[in-house]
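Peer 1: Before I ask anything, here is the structure I am working with.
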Amino acid sequence: MEIIETEIRDLKIIKPQVFEDERGYFFESYNLEKFANAGIDIAFVQDNESKSMKDVLRGLHFQAPPFAQGKLVRVMRGAVLDVAVDLRKGSSTYGKWASIILTESNKFMYWIPAGMAHGFLTLQDHTVFFYKCTNVYNKPSEGSIRWDDPTLQIDWGTKQPILSAKDETAPLFEGFVSPF
């Protein structure tokens, strides 16, 4: 397992060691000791899975304290453009974003620590997205930022994704008061 630092502190790319043969493949998607040695010393309390058609954009979502969530995300089928935005007030990368393509073929994972907004755009039909969370979901603590925010200027590669009503009307980053 290779754990790679990104330009945003604590946001990490995880490349598992995949063992393939004529029967299929095997890889370790989580190892407490290896993650702790890489600075991801957390406990997961909830797993989530979604299935989406191509061009569905989910995000940018976060959970405010005391229900803030770190997420370990990966694609089990299909592909996504996965985006994280730093919302931590004291961070030197506050308001910056980073992205990665996660696919069923590359099997990469993204560690998104608490204090970041998260979203993804599906690049293939029937994409199955899986994530482990460090805290339980709490509806009153949920928050979002508009996917096409002009201040953030995230390059999603599309101008007309399929959105939920909530994501269509999410607030802009300008004037956002971070709870982190």
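Each reported figure results from applying straightforward, stated rules to the coordinates on display, with no laboratory input. None of the values given here were measured: they were computed from a predicted structure. Please note: Cβ atoms are built from the backbone with ideal geometry, for glycine as well, and neighbour counts cover all protein chains shown.
Peer 1: Please list the radius of gyration and Dmax for the chain, considering alpha-carbon atoms only, with Å as the unit.
Peer 2: When restricted to the Cα atoms of the chain, Rg and Dmax are 15.9, 55 Å.
Peer 1: What ranking of M1, M53, M109 emerges when the number of other C-beta atoms within 10 Å of each C-beta is taken as an exposure proxy, fewest first?
Peer 2: In increasing order of surrounding Cβ atoms, one gets M53, M1, M109.
Peer 1: Let me ask something additional. What residue among G90, G157, G143 shows peak mean-square fluctuation when the chain is described by a Gaussian network model with Cα springs under 10 Å?
Peer 2: G90
Peer 1: Next up: As an exercise, identify the trypsin sites (Lys or Arg not before Pro) in the stretch 15-86 lying in DSSP coil whose Cβ has no more than 11 other Cβ atoms within 10 Å.
Peer 2: Filter output for the stretch 15-86: R23.
Peer 1: Determine which lysines satisfy two conditions relative to K12: a Cα distance under 20 Å, and not lying fewer than 8 residues away in the same chain.
Peer 2: K34, K71, K89, K96, K107, K132
Peer 1: Using a Cα-Cα cut-off of under 15 Å, which aspartates and glutamates could be cross-linked to K159, ignoring same-chain neighbours fewer than 8 residues away?
Peer 2: List returned: D55, D148, D149, D167, E168.
Peer 1: In addition: What ranking of Y25, Y131, Y30 emerges when the number of other C-beta atoms within 10 Å of each C-beta is taken as an exposure proxy, fewest first?
Peer 2: Working: Y25 9, Y131 22, Y30 15.
In increasing order of surrounding Cβ atoms, one gets Y25, Y30, Y131.
Peer 1: Right, another one. Counting Lys +1, Arg +1, Asp -1, Glu -1, what net charge surrounds T122 among other residues with beta carbon under 13 Å of its beta carbon?
Peer 2: That works out to 0.
Peer 1: Over the stretch 2-168, what is the relative contact order in whole percent, taking alpha-carbon pairs under 8 Å and six or more residues apart?
Peer 2: 31
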